[in-house]
Structures are given as structure tokens and as C-alpha cells.
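What follows is one structure encoded as C-alpha cells, with my remarks underneath.
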Amino acid sequence: MVGGYIGYSPSSTVEFAEAIEVSSIPAVRFADGAIAVSSAPATAVTTTFPASTGVTGGGTESGAQRVTIANNSTGVLSIDDGGGTLTVDGTVTAGIQPSTSYLSHVYIDLDSNGDNPATNTEVVAAPGSGNQLVIYGIQGSFVAAGASDFGNWFLSDGNTSAATTLWTGRTQGVTPSQFSISFPFGLALTANTALKVTSTEGSGNIYINAVVYYQSVST
């Protein structure tokens, strides 16, 4: 190759030409007609791109250029809205971003004789109008005093009922029951409602130690 240049003409096409050493090149035309290459006088080759490959603003879908990004691409895709509103057709799925605020926690200590049974004992107070508690995890253990002793306990959205119970556990015997549960997306209570604990004893005493991790968020 002895030289080359790229020229732009303010028409509907962009032309590229290169001077090469051979005296002629056979005409080449792609079957779909998108790119046509033909021999030029003397030693020049001209490549013509239809105007539809470079639609700017207001172009129809049929005339727009489409770009496919490979699933192993390492490049960068830049999208410019031209100072206007950028819209996306269809559904956009975004990855979960870590929270910038830390969780709070509360310790539940019902491990002495007489602590159980408990009925709708407030664990975390109602957060106030326009806010709600969201639970992200519970961990702890509970055990009964004797081999035949048993009991249950419940965390509830306000006063305990079948509809408001958020978590429940049961133990029997003298071997401690360990538990650790997380809620990655959060378990939301009703707005401005306290988190409460209730426990029952079937026979003898049960003992509970637990920690609840939560946040108070704006509704």
C-alpha cells in the first residue's frame, strides 16, 4: 500500500478510498446489498455504506442500526442521550446493591424461670408514622428444662395471631435447638407497628436467647 485517505461527502453515504498498487480489482457485492465494493478507475477502491447505518435522532426502528453485545465482551458500551431523555423499551433488571446503612439489633433474653410464657412482649418499639420495621435475620437458641418439657415462641407483627406471625420455633428436651435465619430481601412489618414476642410452655420451663437484626425504613 502506497498511501490512503478517508473522505466524507455531505450526502447520504460515507466513502472510503485507498490507493493500492494493483491496476484493477474485480467488483465485489454482498448478497444483502448492505455494503457494495466496486472497482474504481486506475487503482482506487470505493466502499459505500447506506445512510440507514447511521440514523441520527428521530429514525425509525427499521432504519436504525442494531448492536449485539457478546456475553463475554470486555469492551465498553457508551450510550448518549444527546442531552434529552433516554428511554429503554422492555424490562431492565438491575443487580442488588449493598445497603449503605447498617442494621440494628435487639437481644431477646427469656432464659430464666418465670420469663416464659410471654404474651405480646414488645421487642422493638413501633418506629413512628411513615416508618416500618424490616427484619433481616434471627439467630439464637432455646431449650427446655426437662426431657419431656416443650414449648413454642413467636415473633409477630404487632400482637400475635396466625396472620401476624413472622417466625416461630418449637423445642423439646434438654438439648439446645440452635437457629440462624436470614432474610436477604427483608421481612417488612406493617407501617408503624412494634415487633413483639410471645412464648408458650407445654410443661415445665423453656429458655430462649436470641438476637434479631432489623432496620427502620421510610414507607
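Summary of computed values
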{"item": "Summed residue charge, Cβ within 15 Å of GLY202's Cβ, Lys/Arg positive, Asp/Glu negative", "result": "-1"}
{"item": "Packing rank of 148-157, 164-173, where each peptide gets the mean count of other beta carbons within 10 Å, highest leading", "result": "148-157, 164-173"}
{"item": "Segment ALA145-TYR107, extension gain: residue separation times 0.36 nm, minus the distance between their alpha carbons", "result": "11.6 nm"}
{"item": "Point-to-point label distance, SER218-ASP115, nm (Cα→Cβ direction, 7 Å offset)", "result": "3.7"}
{"item": "Estimated FRET transfer efficiency when R0 is 22 angstrom, pair THR91-PHE185 (beta carbons, to 0.05)", "result": "0.75"}
{"item": "Length released on extending from ARG170 to GLU122, taking residue separation times 0.36 nm less the Cα-Cα span", "result": "15.3 nm"}
{"item": "About the Cα centre, charge dipole magnitude for region 105-219 (Lys/Arg +1, Asp/Glu -1 at Cβ), debye", "result": "240"}
{"item": "Nonlocal amide H pairs with GLY137, under 5 Å, H built at 1.01 Å", "result": "PHE183, TYR213"}
{"item": "Two-decimal Rg to Rh for region 104-218 - Kirkwood Rh, Cα set", "result": "0.99"}
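Read-outs throughout are calculated quantities, based only on the coordinates presented, and are distinct from any laboratory measurement. This one's a predicted model, so the numbers in the text were calculated from it and none came from an experiment. Reconstructed Cβ throughout: ideal geometry from the backbone, glycine too, with neighbour counts over all protein chains shown.
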